[in-house]
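Below is one structure; the comments refer to it alone.
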């Protein structure tokens, strides 16, 4: 009985190793792959074999390697290389900060704050991110912090509300530059014109604050840097701003 069990174990092990070798060392060129138990309909050029591996009990994506990664494009075409690429476009955005509290404003200091959001995309063209909210205001009143309609520096004692998407050193050290993940080879998000200069701030309802540098693909993390100043005659009260952001695919 022991010998029989060992023999079966050896047979199973040999079969398992055969399957493993088939997965690791596939043929580079192959016709349609079928059998009574499975069928594979998708191939790619180079090493790696089948993209989809499945049965009634499991499903997997496999690749043994890639000769190169990244994006290749011209005026007439675009291609992505790498281990696996999806066959459907997508565009998504998530906000990672739920509350930005600037504290109590006064005429002697500038209040600052930050919030982060991220955009992940796989589209042929690109995307833009727009800010759609009114600047901070006292609810149920007309009192609103004056938005900075053109790029400018923070000025203490002057009523101002502005943002940018950069790492800043004035009026404080805060914020961060857009961060493509893991680097700019794999994602192309950047700050838009008007919001791309360190230590200069702006705010306009409907403005584009972020966009892709070229094609819209990959994941980019953005940090919004907020500043607020008040003047001696700024109306007192609790100013709030539900900040709405919209991401739009461009064509």
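Quick note: the coordinates plus some simple rules give every number you see, no bench work behind them. The model shown is predicted, which means the values in this text are computed figures rather than measured ones. Backbone-built Cβ (ideal geometry, glycine too); neighbour counts: all protein chains shown.
Take 108-115, 199-206, 244-251 and order them by the average number of nearby Cβ atoms within 10 Å per residue, most first; the result is 199-206, 108-115, 244-251. Subtracting the Cα-Cα distance of residue 176 and residue 214 from their residue separation scaled by 0.36 nm leaves 11.6 nm. Only residues of region 198-229 count here: report those whose backbone N is under 17 Å from the spot 7 Å along Cα→Cβ of residue 146, or say none. Counting only backbone N, you get 201-205, 227-229.
Packing, taken as the mean count of other beta carbons within 10 Å per residue, orders the peptides 91-98, 228-235, 188-195, 117-124 from highest to lowest as 188-195, 117-124, 228-235, 91-98. Neighbour counts of other Cβ atoms within 10 Å put 222, 186 in the fewest-to-most order 186, 222. Multiplying the residue separation of residue 249 and residue 88 by 0.36 nm and subtracting their alpha-carbon distance yields 56.5 nm. Of all the C-alpha pairs in region 109-235, what % are more than 17 Å from each other? Cα-Cα pairs in region 109-235 separated by more than 17 Å: 57 percent.
Expressed as a whole number of Å, what is the distance separating the alpha-carbon centroids of region 92-165 and region 173-198? With region 173-198 and region 92-165 each reduced to a Cα centre, they are spaced 16 Å.
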